[in-house]
Amino acid sequence: MQTEYAANFPLKVNMVDLNGLIRRLTGIREMNGVIKLNNGYLTKVSDIVSDDQLNTNVEAIVQYVNYCNERGIRVIYVQGPYNISKYDPQLPAGVTDGHNESLDMMLDRLRENGVETIDLRELMYKDGIDQYDMFYVTDHHYTTEGAFYAYRKIAEQIAVDTGTTVDPKLLDINNYQTDIYPEWHLGSNGQRTGAYFAGIDDYHLIYPKFETNIYNSDDQSVSTLYEALVNTDVFSNRNLQNRYTYDLAYTKNDINSLKSLDAETDLNVLLLSDSFQQAIKPYMLLTYKEFHIEDYWNLSASVVNRYQPDVIVIMTWGGNVGTPSPNTMTFNDDQET
């Protein structure tokens, strides 16, 4: 009862906002477990993942990849960035973080076991992109521009691996409309620190300018991508406390019920991901004849059999390294039945 009251007591939001404002004005860089980096971005820090936990995760992924490869299914492990740059940490004096070192060890061990990987941290650095420009100030997620960048890199690699092509217009962000919603998104870290500790993020909704035809198997309708996926309620009422724009923007229909009738790449692609899939899924949907999403930790034969994909992309946020979900980070042939 006390916990419930603490979460819902009157004026809680106002008090969190006031606390955050006072800390901002007095230069305090921590609030409710959230750290403000030198550049003003909000994040959380952690120790390096234990060797035992890292090995457990690597073993499960390697076993899954080997199972899929034996059945002619290509698997690519994509490492999403953490919102502390490996190449420019921006950590306050005296503050340390183990996320990027953990990710480096994870990727090294996967590669040693023959797993194909894409490290988005490294690609952004090589492309001269400031990783922070691809993240929200108040959230642990990448922006829609960051998601589009990830989509392009993944689609290009899948094309190389499979000898297929991708319609060039899909890969050019200039062919997409960007609607800007100023000060619309208070992310997961901002929810803990209020609207004044680091400010409020703008939200950019990115969707095609070109014609799209999306078939919905639930009601057998055909509509545009915008009509099929964009949850317009999110953009009709600015509400910083009750929901995160990032999580709800593309949730009008279940992605697994949708199919692009315009997709030219004749592949069946399955994306196993955490919430990083929310902003990338519209572009993946447009690209492949079949596209499906399941949870990142659902490394199961039953999912493989259900979708029978040509390519599986395993993609996760950098903060999830070393934190497997109980009872699902396992894989064995018994799951086929």
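The numbers here are math on the coordinates, done by the rules we state, and not lab data. Quick caveat: nothing in here was measured; it's all calculated off a predicted structure. Neighbour counts are summed over all protein chains in view; Cβ atoms, including those assigned to glycine, are modelled from backbone coordinates with ideal geometry.
You can think of it this way: the chain between L261 and I28 has 78.6 nm of extra reach, that is 0.36 nm per residue less the Cα-Cα gap.
With the simple model of a label 7 Å out from the Cα in the direction of the Cβ, E70 to T56 spans 2.4 nm. Region 163-200 and region 131-145 have Cα centres separated by 7 Å. Residue ranges 200-211, 180-191 sort as 180-191, 200-211 when ordered by packing (mean number of other C-beta atoms within 10 Å per residue, highest first). In the chain, the longest principal axis of the Cα atoms and the axis of helix 277-287 are about 30 degrees apart.
For region 106-263, the Cα gyration tensor yields ellipsoid semi-axes of 27, 25, 15 Å (square root of five times each eigenvalue, largest first, whole Å). Here the convex hull built on the C-alpha positions of the chain has a volume of 165 cubic angstrom per residue.
With 0.36 nm allotted per residue and the present C-alpha distance subtracted, the E156-D127 stretch has 9.0 nm of extension available.
Size of region 201-319: Rg and Dmax of its alpha carbons, in Å, are 14.8, 42. For region 246-312, the fraction of alpha-carbon pairs lying more than 19 Å apart is 28 percent, rounded to a whole number.
Take the Cα of N14, step 7 Å toward its Cβ, do the same at D108, and the gap between the two points is 5.3 nm. By the Stokes-Einstein formula, at 1.002 mPa s and 20 °C, region 13-150 with its Kirkwood radius over alpha-carbon pairs has D equal to 126 µm²/s. The relative contact order of region 50-165 comes to 26 percent, based on Cα pairs under 8 Å that sit 6 or more residues apart. Each listed q (0.12, 0.18, 0.26 Å⁻¹) maps to a log10 I(q)/I(0) for region 126-181 from the Debye sum over equal C-alpha point scatterers, namely -0.35, -0.74, -1.13.
Once both labels are positioned 7 Å from their Cα atoms along Cα-to-Cβ, the gap between R306 and L21 label points is 4.8 nm.
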